[in-house]
1. If you scan segment 45-66, which residues turn out to be surrounded by 15 or more Cβ atoms within 10 Å (Cβ to Cβ), hydrophobic (A, V, I, L, M, F, W, C) and either closer than 24 Å to M117 by Cα or touching a Ser or Thr at 6+ places or on another chain (Cβ under 9 Å) (or both)?
2. When the residues of segment 1-20 are filtered to those that are exposed (fewer than 14 other Cβ atoms within 10 Å of the Cβ) and either without any contact (Cβ under 8 Å) to a residue 60 or more places away in the chain or within 16 Å of the chain's Cα centre (by Cα) (or both), which remaining residue is nearest to V152 (Cα to Cα)?
3. Determine, yes or no, whether A77 is touching a Cys at 6+ places or on another chain (Cβ under 8 Å), among the aliphatic types (A, V, I, L, M) and farther than 18 Å from T137 by Cα.
4. When you scan segment 97-109, do you find a residue that is within 19 Å of A76 (Cα to Cα) and surrounded by fewer than 17 Cβ atoms within 10 Å (Cβ to Cβ), even just one?
5. Could you figure out which of (1) surrounded by fewer than 18 Cβ atoms within 10 Å (Cβ to Cβ); (2) closer than 26 Å to M59 by Cβ isn't true of T123?
6. When you go through (1) buried (at least 20 other Cβ atoms within 10 Å of the Cβ); (2) over 15 Å from I13 (Cα atoms); (3) of a type outside the set (A, V, I, L, M) one by one for S69, which number turns out not to apply?
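Read-outs throughout are calculated quantities, based only on the coordinates presented, and are distinct from any laboratory measurement. Predicted, not measured: the structure shown is a model, and the values here were computed from it. Please note: Cβ atoms are built from the backbone with ideal geometry, for glycine as well, and neighbour counts cover all protein chains shown.
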Amino acid sequence: MTTIFLALLQGAILAYALLAGVFLAFSDFIMRSLARTSGSGGVEAMQVINREVFRWVFMILFMGMAPVSLLLSGFAAMNLETPADRLILLAGLVYLAGCFGVTVIRNVPMNERLAAMEPATATARDYWAGTYLPRWTFWNTVRTIACALSSVLLMTAVIWKAGAL
C-alpha cells in the first residue's frame, strides 16, 4: 500500500466518521427536539437548517466523499485478491448508495417540498408531523449507518493491510 493511498484511506475514514456524527445528531436529538416545537416552529427551523447546510465544511465532506468513494472503489475493484480490498470496495459502495444516493433520492426531495411550504399553514404542519419527520428521520438514520459502516469497513481494511488481522 502506497503512502498516498494510505493517507487517502485515513482521510476517508475520518470524513465518513464526521458525516456519521452529523447525521447521528439529527437522528438522535435534533429531529426529536424539532418535533417538540409547535408544528410551524419545527417547519421553519428545518427550512433554515436546509438552507444553511450548504455551508462549505459540510458540503466539502458530503460532496467530496462521492468522488473519493468512487476512486477508492475503483482502485479496490482492480485488485480484489485480498479481503482488505473487498472491504475498501464495499465501503465506497455503501457510502455511494446508503448516504449519497439516499440523500439525492429520499432526503432532498422531502427538503424541497418542505421549503416550498409556508410554515404557519395546516398543510405544512400536517406534512411536517405526518410525513416529513418520520420519513426524513428514517432515511437520515440510513445515512448515519451507511457512513459509520463505511468508516468501520475502511478501518478494518487498513488494519488488515497492515497485517494486524
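1. A45, M46, F62, M65 - these are the residues of segment 45-66 that are surrounded by 15 or more Cβ atoms within 10 Å (Cβ to Cβ), hydrophobic (A, V, I, L, M, F, W, C) and either closer than 24 Å to M117 by Cα or touching a Ser or Thr at 6+ places or on another chain (Cβ under 9 Å) (or both).
2. Among those that are exposed (fewer than 14 other Cβ atoms within 10 Å of the Cβ) and either without any contact (Cβ under 8 Å) to a residue 60 or more places away in the chain or within 16 Å of the chain's Cα centre (by Cα) (or both), it is L14.
3. no
4. Yes, because at least one residue in segment 97-109 is within 19 Å of A76 (Cα to Cα) and surrounded by fewer than 17 Cβ atoms within 10 Å (Cβ to Cβ).
5. It fails just one condition, (2).
6. Failed condition: (2).
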